[in-house]
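Below you'll find the structure I mean.
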Protein chains: 2
Amino acid sequence: MKKLAFATLAGSLLLGTLNAQAADVDNAIEHRQGVFSAMKWYFGPMGAMIKGDMPYDQAEFTRRAEQLAKLAPMAEEGFVEGSAEGTEALPAIWEDMDTFSGGFDKLESTTAALVEASMSGDMAQIKPAFGDVAKTCKGCHDNFRED
Amino acid sequence: MKKLAFATLAGSLLLGTLNAQAADVDNAIEHRQGVFSAMKWYFGPMGAMIKGDMPYDQAEFTRRAEQLAKLAPMAEEGFVEGSAEGTEALPAIWEDMDTFSGGFDKLESTTAALVEASMSGDMAQIKPAFGDVAKTCKGCHDNFRED
């Protein structure tokens, strides 16, 4: 009886731990997807301004660049072990974490450079800086995200 | 015939505008929900550290407070007109935008104060500062979010 009670207790604790881990994974996925949604929100209209689909507004462009740069370092921590399933994240992420992580370093540096460029109000500086951010996004999506 | 062609064109343009507006509303909802998910990600473990459910780590606590303070001003712009449907956002938001917006001002000031407090490493300062953020969240949820 004592043995059974212990087995039940151990089972419950294990189940509790597994449930807690599952919740952590869910939170991690929600976190990184949330950060990417917010990045898309700030990034989209900047592209439209550059293409001329939306009037260019320097203050608004800069504000968006600043928020983007603040978000850039946030998503990576959401890629916890075991959090690929049911998402577009490819296993390659965890097989080559150094490259993946390097992509986030580049996202931080290119978004910071975009803030600098956007403050100039000079399209000759803004366009290539914006392109560098877009290329950084695409680079990771090509290698680490399901098509 | 010309009239019909014009009517069709006008109809297409209107539909295009409506589709674009619907996409904007969807993006706005995804944006604000994404920001809240990220806030939850940073906030949850801070609460666990305060309760003693997780070991307190000053650097990690401060890092989380800092990210929270960066996110605090981001969600509000996602509450665009016509974006309540299918979400927990109550119509009261758009009926009393001043109060709602004041809640976000408070979220900014209380999260900034939490960063300050967390740098002290002193629980006598951290606990009430954390409580002020939690109360600010709850205040808006009580008034502007469906139960």
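Sort B:ASP105, A:ASP53 by Cβ crowding within 10 Å, fewest neighbours at the top. Don't skip to the answer; put the middle values down first.
Values: B:ASP105 13, A:ASP53 9.
Fewest-to-most ranking of B:ASP105, A:ASP53: A:ASP53, B:ASP105.
Using a simple spin-label model with points 7 Å from Cα along the Cα→Cβ vector, what separation in nm is obtained for B:GLN125 and A:ALA92?
Placing both labels 7 Å beyond Cα along the Cβ direction yields 4.7 nm.
Taking R0 as 41 Å, what FRET efficiency do you get between A:ALA59 and B:ARG63 from their Cβ-Cβ distance, rounded to the nearest 0.05? Could you put the intermediate results ahead of the total?
Numbers: r = 30 Å, r/R0 = 0.72.
After rounding to 0.05, the efficiency reads 0.90.
Can you give me the angle between helix B:2-51 and the longest principal axis of chain B, using Cα atoms only, in degrees from 0 to 90, rounded to the nearest 10?
Long axis of B:2-51 versus the principal axis of chain B: about 10 degrees.
Between A:LYS51 and B:LYS135, what is the label-point separation in nm under the 7 Å Cα-to-beta-carbon projection?
4.8 nm
Most mobile of A:LEU90, A:LEU68, A:LEU107 per a Gaussian network model of chain A (Cα springs, under 10 Å)?
Result for chain A, Cα springs under 10 Å: A:LEU90 fluctuates most.
Find every distance from the label point of A:MET97 to the corresponding label point in the other copies (7 Å from Cα along Cα→Cβ) and write them in nm, one decimal, shortest first.
Label-point separations across copies, in nm and ascending: 4.6.
Could I ask something else about it? Where the label is 7 Å out from Cα toward Cβ, how close does B:ALA134 come to the same position in every other copy, in nm, shortest first?
Ordered by increasing distance: 4.6 nm.
What number does chain B give for Rg over Rh if you use C-alpha atoms and the Kirkwood radius?
Numbers: Rg = 20.6 Å, Rh = 17.4 Å.
That ratio equals 1.19.
Turning to a different aspect of this structure: Consider the operator that turns chain B into chain A: which B residue has a Cβ nearest its axis, and what is that gap in Å?
B:GLY34, 2
Residues of B:38-45, mean number of Cβ from any other protein chain within 10 Å of their own Cβ, rounded to a whole number?
Working: counts 13, 2, 4, 10, 3, 0, 4, 2.
Per residue, the number of nearby Cβ atoms from other chains is 5 on average.
Give the angle, between 0 and 90 degrees and rounded to the nearest 10, that separates the Cα long axis of helix B:123-144 from the longest principal axis of the Cα atoms of chain B.
Helix B:123-144 sits roughly 30 degrees off the main axis of chain B.
Taking only DSSP H segments of four or more residues, each worth -39500 (n - 2.57), what value at 222 nm results for chain A once the sum is divided by all its residues, to the nearest 500 deg cm²/dmol? Show your work: numbers first, answer last.
Working: 5 runs with 114 residues, N = 147.
Counting only the DSSP helices, I get -27000 deg cm²/dmol.
Please go through the residue pairs B:LYS40/B:LYS127; B:LYS106/B:LYS127; A:LYS70/B:LYS135; A:LYS106/B:LYS135; A:LYS51/B:LYS40; A:LYS106/B:LYS70 and name each one whose alpha carbons sit more than 28 Å apart in this structure.
Numbers: B:LYS40/B:LYS127 18 Å; B:LYS106/B:LYS127 17 Å; A:LYS70/B:LYS135 25 Å; A:LYS106/B:LYS135 37 Å; A:LYS51/B:LYS40 35 Å; A:LYS106/B:LYS70 20 Å.
Violating the 28 Å limit, Cα to Cα: A:LYS106/B:LYS135; A:LYS51/B:LYS40.
Where the label is 7 Å out from Cα toward Cβ, how close does A:ALA20 come to the same position in every other copy, in nm, shortest first?
So the distances to the same position in the other copies read 5.1 nm.
Among the GluC sites (Glu not before Pro) within the stretch B:83-117, which fall in a DSSP loop and have no more than 11 other Cβ atoms within 10 Å of their own Cβ? Can you show the working numbers first?
Values: sites: B:GLU85, B:GLU88, B:GLU95, B:GLU108, B:GLU116; in loops: B:GLU85, B:GLU88.
Those satisfying the criteria are B:GLU85, B:GLU88.
Since every read-out is calculated from the coordinates, none of them should be taken as a lab result. Values in this document were obtained by computation on a predicted structure and should not be read as measured data. Ideal geometry is used to build each Cβ from the backbone, glycine not excepted, and the neighbour counts take in all protein chains shown.
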